[in-house]
Structure formats: structure tokens, C-alpha cells
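Visitor: Below you'll find the structure I mean.
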Amino acid sequence: MRFSLIVITLFALCSRSFAESIADDNVVLKWAQDLSDSAQDMVWQDLLKKFNEQEQLEGVISTAQGTSKLYVFISSSMPVPLLKEYASDALKYDATLVFKGLPEGSFKELAELIVQLKDNNDNIANATIDDESFERFSVSSVPTIILTSEPPYHPNQTPYIKFDKITGNVGIKYALEQFRDSGDLREEAAKRLERVND
């Protein structure tokens with residue numbers, strides 16, 4: 001009986017010591033994680049500062065402050081004259097044409113379509129296939145025009161992306177005017193319109 005009592009007492013002491021050790025380990029782990037996050041943040045801020053300084057030396061407009069992007073979600077099933085109009089406006093307003101998947105599952109078909117969308121000076125608008133953006137911005141019908149503002153990247157923060165969206169057969173200029181007049185990204189829309197008017 002005494003032996004059992006001694007074993008139980010030793011077990012209880014060891015368990016308590018083990019539990020305190022785990023608690024101490026959790027405190028140490030939290031401290032280490034906080035220290036790591038702080039160090040990573042300091043390094044990131046230093047890199048960002050150096051990046052901005054380098055861009056200023058090169059006379060480049062800083063992209064580290066966050067960016068706005070203009071997307072025109074379209075489909076290869078839309079009439080070619082309408083696609084050509086969007087492609088022409090995309091060049092003018094620095095927009096990207098966004099397709100969902102390949103037309104008939106063929107890169108060749110997409111390449112032929114893009115060639116048809118060249119302007120009179122053989123310029124081609126930026127175009128991409130981006131199924132994820134269709135989902136991210138809940139685009140369920142085309143054409144849809146979206147102006148986004150994405151904050152600068154930071155390794156310890158989840159970015160919050162603001163955007164304005166208009167769906168329907170409207171021109172890019174009209175969409176930007178609507179965003180300028182009543183959107184969340186009024187300033188960015190106004191800047192794009194001013195650049196074209198200059």
C-alpha cells in the first residue's frame with residue numbers, strides 16, 4: 001500500500017512538473033514567435049524602404065505603396081467586334097483582359113483570337129487566363145469591369161482588396177466614370193480618366 005502511495009505521489013509530482021514544463025514551453029514558444037514576427041517585420045520594413053529609395057533613384061513610380069488594377073472580364077464567345085472594342089479601350093486605359101479558361105480548350109484558338117484583337121498599330125492589350133479572379137471577384141457573367149486597389153504586400157498581414165465592379169455591355173470609360181462618381185475607388189478611377197484625357 002505504501003509503495004502504491006509513493007508511486008502515486010511521485011507520479012503526481014512528475015505530472016505537475018511536466019505540466020509546468022509544458023506551460024513554460026508554451027510561454028517560451030510564444031515569446032519566440034513574437035520575436036520572430038518582430039524581426040521579420042523589421043527586416044521587411046527595411047527592405048521596403050530600400051526598394052522605395054531605389055525606385056526614387058530610378059525615377060519609377062513606387063509600386064510598393066499599393067497598386068490599382070483595371071480588369072475587363074470577357075469570354076471568347078462574345079462577338080469579335082465587341083472584343084476588339086474592349087481590347088482597344090484596354091490599351092487606352094491600361095486594363096487587362098481576363099478570360100476564363102481556353103476557347104475550346106486550345107491555346108491555338110486563344111492565340112488566333114488575340115491576334116484578331118490587335119489595333120491598327122498592331123498593339124495588343126494585356127490578356128490573361130485567370131479562373132481564380134473570376135471566383136475572387138464573383139464574376140458570373142461577362143463583360144464585367146473591375147477596378148481594384150491592392151495594398152502593398154506584407155508577409156505578416158492578409159491583404160484587404162477593395163474593388164468597384166460593373167457588369168453589362170458598357171464601355172471601360174463609362175465604367176470608370178461610374179466608379180469616379182459613386183465608387184469606393186473614386187480617386188483611382190479619376191486618375192485613369194485624366195491620363196487618357198491628357
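Bear in mind that the values in this text are calculations on the coordinates, not laboratory data. Quantities reported herein were computed from a predicted structural model and do not represent experimental measurements. Here the Cβ is made from the backbone with ideal geometry for all residues, glycine too, and neighbour counts use every protein chain on show.
Visitor: Taking H placed 1.01 Å from N in the peptide plane, check which residues at least 5 places from L97 or on another chain put their amide H under 5 Å from its amide H.
Guide: Counting only residues 5 or more places away or on other chains, the set is V72, N126, A127, T128.
Visitor: Subtracting the Cα-Cα distance from 0.36 nm times the residue separation, let me have the gained length for Q178 to I124 in nm, one decimal.
Guide: Stretched fully, the Q178-I124 segment lengthens by 16.9 nm.
Visitor: What ³J(HN,Hα) values, in whole Hz, does the Karplus curve 6.51 cos²θ - 1.76 cosθ + 1.60 give for region 136-146 when θ = phi - 60°, with x put for Gly and Pro?
Guide: With coefficients 6.51, -1.76 and 1.60, one gets 4, 9, 6, 8, 10, 9, 10, x, 9, 10, 10 Hz.
Visitor: So if we plug the beta-carbon distance of E187 and S75 into 1/(1 + (r/R0)^6) with R0 = 41 Å, what FRET efficiency do we get, rounded to 0.05?
Guide: 0.85
Visitor: Still on this structure, please answer the following. Please sort 160-169, 177-186 by packing, taking for each peptide the average over its residues of neighbouring beta carbons within 10 angstrom, highest first.
Guide: 177-186, 160-169
Visitor: Could I ask something else about it? For each of Y174, Y86, count neighbouring Cβ atoms within 10 Å of the residue's Cβ, then give the residues from fewest to most.
Guide: The order, fewest Cβ neighbours first, is Y174, Y86.
Visitor: Now for a separate question. How many percent of Cα pairs in region 66-121 exceed 17 Å?
Guide: That tail contains 37 percent of the Cα-Cα pairs.
Visitor: From the phi angles alone, apply the Karplus equation (6.51, -1.76, 1.60; θ = phi - 60°) to region 120-135 and give each ³J(HN,Hα) in whole Hz, x where the residue is Gly or Pro.
Guide: 5, 9, 6, 7, 10, 5, 4, 9, 8, 9, 8, 4, 5, 5, 4, 6
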